[in-house]
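Right, one structure below, let's go through it.
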Amino acid sequence: MELFTRSWAALRAAVAELDDEDFARPSGCTGWLVRDLVCHLVIDAQDVLITLVTPSQAATTHDAAGYWKITGTPPTGDDPLDALTVRLAAAYRDPALLRFHLDDVGSAAGRAAELADPGLRVATQDMVLTAGDYLSAYVLEWTLHHLDLISHLPDSQPPAADALAHSRRLLESATGVTFPASLSDSDVLTVGTGRRVPTGAERAALGDLAGRLPFVVG
């Protein structure tokens with residue numbers, strides 16, 4: 001749970017350091033500008049708050065890796081929620097308002113995570129899992145989106161090494177594959193989830209696994 005707190009704080013800090021013009025740059029999420037991604041993070045923070053106050057008496061059905069649905073179909077932008085996110089982000093107009101909203105809701109989500117009992121069972125998306133596993137799963141969300149945020153901002157700080165390593169392990173557990181050790185954690189996350197195509201050397205290292213990509217996390 002500490003890793004959730006640190007990875008979320010690092011992502012919010014990266015957003016806080018953006019210049020206004022950065023919000024109009026492309027992100028690592030296909031079809032989304034940085035402002036769309038930041039708006040999505042506000043929605044993510046709301047989801048965290050809702051889930052942590054939705055306890056369940058039922059038995060757990062999923063762990064951290066099982067929380068993620070893995071498909072081979074990249075998003076097209078046609079999903080109604082994705083389209084709503086883009087419209088909502090555009091409505092902010094002033095990046096300062098979007099920064100403020102993320103800081104406000106994001107800080108509350110961070111505090112809720114710190115106060116949560118890791119053994120508490122919570123319900124979300126027709127799943128029951130412990131709060132600890134739920135927050136562990138979200139480290140992958142924060143880390144992928146941190147990479148998305150800085151994909152066209154080379155001077156920005158990347159995710160921490162332990163968040164990258166944790167996210168790699170979670171992706172490997174969710175997909176049931178082991179990526180070559182020669183690929184860095186950030187390369188595994190970006191190539192493995194289809195955020196960029198592998199280089200020739202990466203494709204050679206991946207071997208037959210290259211033909212199974214991408215593993216789209218949702």
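Read-outs: derived from the displayed coordinates by stated rules, not from any lab. All values derive from a computational prediction rather than experimental measurement. Here the Cβ positions follow ideal geometry from the backbone for every residue, glycine too, while neighbour counts run over all protein chains shown.
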- Item | Restricting segment 108-171 to trypsin sites (Lys or Arg not before Pro) in coil, as DSSP defines it, with at most 10 other Cβ within 10 Å | none
- Placing +1 on each Lys and Arg Cβ and -1 on each Asp and Glu Cβ in segment 88-218, then taking the dipole about the Cα centre, the residue among Tyr138, Leu171, Val105 whose Cα reaches farthest towards the positive end is Leu171
- Task: Within segment 21-88, list the trypsin sites (Lys or Arg not before Pro) lying in a DSSP loop whose Cβ has at most 16 other Cβ atoms in a 10 Å radius.
- Result: Lys69
- Rounded to the nearest 500, what is the chain's calculated 222 nm mean residue ellipticity when only DSSP H runs of at least 4 contribute -39500 (n - 2.57) each, over all residues? -17500 deg cm²/dmol
- Once you charge only the Cβ atoms, +1 for Lys and Arg and -1 for Asp and Glu, what is the size of the charge dipole of the chain about its Cα centre, to the nearest 20 debye? 340 debye
- Query: Can you give the FRET efficiency for Ala9 and Thr76, using 1/(1 + (r/R0)^6), R0 = 35 Å, r = Cβ-Cβ distance, to the nearest 0.05?
  - Reply: 0.60
- Query: Relative contact order (percent) for segment 2-177, with alpha-carbon contacts under 8 angstrom and 6 or more residues of separation?
  - Reply: 38 percent
- Going residue by residue through segment 177-184, the Karplus relation 6.51 cos²θ - 1.76 cosθ + 1.60 with θ = phi - 60° gives ³J(HN,Hα) values, rounded to whole Hz and with x marking Gly or Pro, of 10, 10, 7, x, 5, 6, 8, 5
